[in-house]
Amino acid sequence: MTDFSLFETPCFVVDSVLLERNLGILKTVKDRTGAKILLALKGFAMFSTFELVSRYLDGTCASSPHEARLGREEFGGEVHSFAAAYSSRDFNDLADLSDHLVLNSMSQYRTFLPAIMEKSERISFGLRINPEHRETEIEIYDPCASYSRLGITRKNFPDHLPQYISGLHMHTLCQKNADALDRTIRAAETGFGSFFEKCKWVNFGGGHHITRHDYNLDLLCETIIRFREKYNVDVYLEPGEAVALNTGFLVSTVLDIIENEKHIAILDTSAAAHMPDVLEMPYRPHIINSCGPGVYPYTYRIGGISCLAGDIIGEYSFHEPLKPGDRIVFTDMAIYSMVKTNTFNGIGLPAIYYFNSETGDILHTRKFGYSDFKQRLS
């Protein structure tokens with residue numbers, strides 16, 4: 001068991017042992033199928049881990065010039081870029097950084113066609129499609145929800161694969177198993193199968209929970225192999241969560257206990273500033289050695305340090321009463337939380353530790369201060 005008292009709070013701690021376990025599973029998929037797997041930087045961009053991750057994966061996928069530059073400079077391998085729309089400046093910056101560049105609409109394709117013609121020998125251009133097949137229950141995370149701005153529907157797709165387009169990209173899943181991918185691909189084939197035959201590559205996007213304990217790896221591999229053999233294309237996957245799933249922790253300290261009809265514990269962290277998905281998604285992260293309210297003898301409402309009244313993480317029960325100074329450790333915090341942190345209220349950003357749980361070695365530490373808050377303002 002990791003001794004979380006080693007770390008200054010609040011902080012993120014990423015375990016290299018757990019990370020390499022996930023990477024080994026992803027490498028198995030690559031070896032069995034011939035698919036290429038990219039790290040989605042929107043979900044996990046801790047570049048101190050890239051020396052390890054790049055040994056297993058083929059490159060990165062980016063949604064902005066900053067992410068693409070990070071992938072190019074720190075990771076290496078292929079850089080794939082996609083955004084819902086490009087300004088001329090972003091398109092030109094991404095064209096300098098990317099190996100694959102995917103457009104979201106036919107109007108953007110037409111807008112940038114002169115540049116696409118000029119750069120097509122060096123860059124492989126693609127289009128994002130919307131197969132209009134829903135698998136994701138939470139609408140904010142569903143690219144196939146009604147009136148979605150992401151991807152080109154069959155109705156709005158031309159009769160022939162446009163000139164200079166080498167591949168198609170579809171991202172429709174969120175935290176799904178392989179059966180959802182299999183159904184999505186079969187739905188996409190109904191509308192876009194004739195175009196897949198003309199492609200050099202097809203990108204299945206992200207949302208694949210490949211490293212989850214119950215994930216059906218055999219079905220995933222069978223699905224990829226069937227598709228590759230049927231259409232004679234390269235297949236890409238862009239998991240973000242699967243790379244760092246269950247590899248990281250957010251460690252915090254109890255600052256105060258308040259009584260107001262319930263026991264309320266205030267931490268030195270914040271849902272609003274340090275784990276906004278708790279409020280946005282919403283979801284209830286697990287705390288080590290806790291359970292749901294009322295299960296263990298002592299139940300607390302866990303709140304953050306900010307002035308937002310709704311800065312509440314959830315209700316948890318514990319075997320022993322909490323007191324100021326106790327450590328609270330949230331699990332599965334490497335993905336999304338780290339890239340979404342902010343400095344609301346001037347709250348300090350959590351430190352980041354890269355840690356090897358087998359040897360006890362701290363491999364890298366990054367701490368933040370006043371300048372990180374001030375330099376975001378003017």
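Each value in this text was obtained by applying a stated rule to the coordinates, not by laboratory testing. All figures in this text were calculated on a predicted structure; none of them were measured in a lab. Ideal geometry is used to build each Cβ from the backbone, glycine not excepted, and the neighbour counts take in all protein chains shown.
Evaluating 6.51 cos²θ - 1.76 cosθ + 1.60 at θ = phi - 60° for every residue in segment 243-254, the Karplus couplings come out as 5, 10, 4, 6, 10, x, 9, 10, 9, 9, 10, 6 Hz, glycine and proline recorded as x. Scanning residues 5 or more positions from ILE305 or on other chains, those with amide H under 5 Å from its amide H are LEU267, THR269, SER270, ALA271, with H placed 1.01 Å from N in the peptide plane. Estimated at 0.36 nm per residue, the fully extended path between ARG284 and LYS230 surpasses their Cα-Cα distance by 15.3 nm. Each of the peptides 181-187, 317-323 was scored by the mean count of other Cβ atoms within 10 Å over its residues; in descending order, highest first, they stand as 181-187, 317-323. Taking all Cα pairs closer than 8 Å and separated by 6 or more residues, the relative contact order of segment 14-94 comes to 25 percent. Rounded, prolate or oblate: which fits segment 1-103 when a ≥ b ≥ c are the square roots of the eigenvalues of the alpha-carbon gyration tensor, with rounded for a/c under 1.5 and prolate only if a/b beats b/c? Cα axes put segment 1-103 in the oblate bin. Of the residues GLN375, ILE302, THR331, the one whose Cα sits farthest towards the positive end of the charge dipole of segment 297-378 is GLN375 (charges of +1 on Lys and Arg Cβ, -1 on Asp and Glu Cβ, taken about the Cα centre). Less than 5 angstrom separates the built amide H of THR172 from those of GLY206, all sequence-distant by 5 or more or on a different chain.
First check a/c for segment 163-286, with a ≥ b ≥ c the square roots of the eigenvalues of its C-alpha gyration tensor; if it is under 1.5, answer rounded, and if not, answer prolate when a/b is larger than b/c or oblate otherwise. Here segment 163-286 falls in the prolate category. Taking 7 Å steps out from each Cα toward its Cβ at ILE257 and TYR141 produces label points 3.4 nm apart. The ARG55 and TYR164 beta-carbon pair, evaluated with R₀ = 41 Å, returns a calculated FRET efficiency of approximately 0.75.
Beyond 27 Å, the tail of the calculated P(r) for the chain holds 52 percent of the Cα pairs. By definition, a body whose alpha carbon gyration tensor gives a ≥ b ≥ c is prolate when a/c is 1.5 or more and a/b is larger than b/c, and segment 103-161 fits this prolate description.
Annotation: extensible slack from HIS319 through ILE362 equals 12.5 nm (criterion: 0.36 nm per residue apart, minus Cα-Cα distance). Of all aspartates and glutamates in the structure, those lying under 19 Å Cα to Cα from LYS323, and not within fewer than 8 positions of it along the same chain, are ASP3, GLU8, ASP256, GLU259, GLU261, ASP268, GLU315. GNM on the chain, alpha-carbon springs under 10 angstrom: the most fluctuating residue among LEU113, LEU267, LEU173 is LEU113. Extending 7 Å from Cα along the Cβ direction at ASP277 and again at ARG327 yields two label points whose distance is 2.3 nm. Taking 35 Å as R0, compute the FRET efficiency from the Cβ-Cβ separation of LYS155 and GLU121 and round it to 0.05. That gives a FRET efficiency of 0.65. What are the ³J(HN,Hα) values, in whole Hz, obtained from phi via the Karplus relation 6.51 cos²θ - 1.76 cosθ + 1.60 with θ = phi - 60°, for each residue of segment 274-284 in sequence order, with x given for Gly and Pro? Using θ = phi - 60°, the values come out as 10, 8, x, 4, 4, 8, 7, 6, x, 8, 10 Hz. Note on segment 234-282: Cα convex hull, mean projected area over all directions, 5.3 nm². Rounded to the nearest Hz, the phi-derived 3J(HN,Hα) couplings of segment 197-209 under the Karplus curve 6.51 cos²θ - 1.76 cosθ + 1.60 (θ = phi - 60°) are 5, 9, 7, 8, 8, 9, 10, 8, x, x, x, 8, 7, where x marks glycine and proline. For LYS230, the aspartates and glutamates whose Cα comes closer than 13 Å to its Cα, not counting residues fewer than 8 places off in the same chain, are GLU189, GLU197, GLU222.
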